[in-house]
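The values are calculated or read from the model by the stated rules, or taken from the named source; none is laboratory data. Since we're looking at a predicted model, the values are computed, not measured. Cβ placement follows ideal geometry from the backbone for every residue including glycine, while neighbour counts extend to all protein chains displayed. For accessibility, only protein heavy atoms count, side chains too; no ligands or nucleic acids. Shrake-Rupley method; radii C 1.70, N 1.55, O 1.52, S 1.80 Å.
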Amino acid sequence: MKRKAFQAALPHTIPIAVGFLFLGMSYGFLMRSKGFSVFYPMFMSFFIFAGSMEFVTVHLLLSAFQPFYAFFLALMVNARHLFYGLSMLDKYKNVGWKKCYLIYGMCDESFTVNCSVIPPPEVDRSWFMFFVTLLNQVYWVSGATLGALLGYVIQFDTKGIEFVMTALFAVMFLNQWEECKDHRSALTGLGCSFFCLLVFGSGRFILPAMVLMILCFTFDRKKEERETKREEIE
Amino acid sequence: MTVMQRIITVFAVMAGTMLTRFLPFFIFPEGKTPPKYIAWLGTVLPHAVIGLLVVYCLKDAVFSVYHGLPETAAIGFIFLLHRWKKNTLFSIAGGTIFYMVLVQNLFV
């Protein structure tokens, strides 16, 4: 049963393996270039297991000690998981002890596969999702560790390498832009964040930006509801 | 930061991350459905958060000497690469190398 589920899960994770090894390696390499030993990227990629937040944590570890800020920043940056969770309430039902691990390892990529791929009928669904999650985590931790080890061997001017994080988000933004016809939410995110950055400064803009975004969305939704009601009456 | 402070920071980040993953399952245990408004937020927020993350990455660059000029140039370059090849990893690698060349040679 496990073998079959593993064989069904593996091909779905191959593209993720390429991406995770590459990104994980750049993350490990970045950590190493900032002077952290290989154990940092190894344990951080294992325990946090949320790519974007791990990149952000590099900044956090290099600035003053503010654990509460770190906690709330993690909440904000990973708030999307809340919505992944809401979408997976049904799928992660009746999977027994594996549920805990499935939730723990629910990164963007594992969510995407587990949410959209329906395994063939002869394959056990819970083991399939378990292996998707496990394989992804193995790729990510190996990538981060390898990257850091590489950082010991290869030496070159790494100034500017932290831009890999910006590049990652910029490309994610472009991908989303093309996949989704309605650009309002992407623009709202960009606009609210930039506005709050200018108003509140770089240290304190995330929380107000999140609040402003939710307000904008809610206002927009109310407006749409009124319009559809009016159309119905007419 | 001392090693202990680093461990606490990593732990705080982990706790925050795990809270976002586990919370929905605690609030809505098997058999309960979330309200429509929350479910709807779940469809629009993920797109907006990516925009927030882009701005987060640029937060210090905006107030620096060059006011984010090398960053803007590199993002423009990523945009072109991405239109050309539509390959996520290629665009990320190309953009990062371009930026590194910029800040190591032009914007020193």
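Helices assigned as whole DSSP H runs in chain A whose Cα atoms extend at least 30 Å along their own long axis and whose mean Kyte-Doolittle hydropathy is 0.0 or higher are found at A:2-33, A:125-153. For the stretch B:1-18 versus the stretch A:98-153, the spacing of their alpha-carbon centroids is 23 Å.
Taking the centroid of alpha carbons for each part, the stretch B:72-100 and the stretch B:21-61 are 27 Å apart. Charging the Cβ of each Asp and Glu at -1 and of each Lys and Arg at +1, and nothing else, the dipole of chain A about its Cα centre rounds to 580 debye. Accessible surface buried by the A/B pair amounts to about 7300 Å², both sides summed, 1.4 Å probe.
One decimal place: the segment B:Met4-B:Tyr66 gains 18.7 nm when fully extended, by the rule 0.36 nm per residue minus the C-alpha distance. For chain B, the fraction of 1.4 Å probe accessible surface lying on carbon and sulfur atoms is 72 percent.
At the residue level, A:Thr112 shows approximately 80 square angstrom of accessible surface with a 1.4 angstrom probe and all protein chains present. A:Leu146 contributes an accessible area of around 90 Å² to the protein surface, as traced by a 1.4 Å probe with all chains present.
For the protein assembly as shown, what does -39500 (n - 2.57) per DSSP helix run (n ≥ 4), summed and divided by total residues, give at 222 nm, in deg cm²/dmol to the nearest 500?
Details: 15 runs with 264 residues, N = 342.
Dividing the helical sum by the residues of the protein assembly as shown leaves -26000 deg cm²/dmol.
Each residue of the stretch B:50-64 was assigned a 3J(HN,Hα) from its phi angle through the Karplus expression (A = 6.51, B = -1.76, C = 1.60, θ = phi - 60°), giving 4, x, 4, 5, 4, 5, 4, 5, 9, 4, 7, 5, 4, 9, 8 Hz with x at Gly and Pro.
Rolling a 1.4 angstrom probe over the protein heavy atoms with all chains in place gives the protein assembly as shown an accessible area of 50 Å² per residue. Computed in the context of the full set of protein chains, the accessible area of chain A at 1.4 Å probe radius has 68% of its extent on carbon or sulfur. Toward the positive end of the charge dipole of the stretch A:2-179, with +1 on the Cβ of Lys and Arg and -1 on the Cβ of Asp and Glu, the farthest Cα among A:Val77, A:Tyr101, A:Ser37 is that of A:Tyr101.
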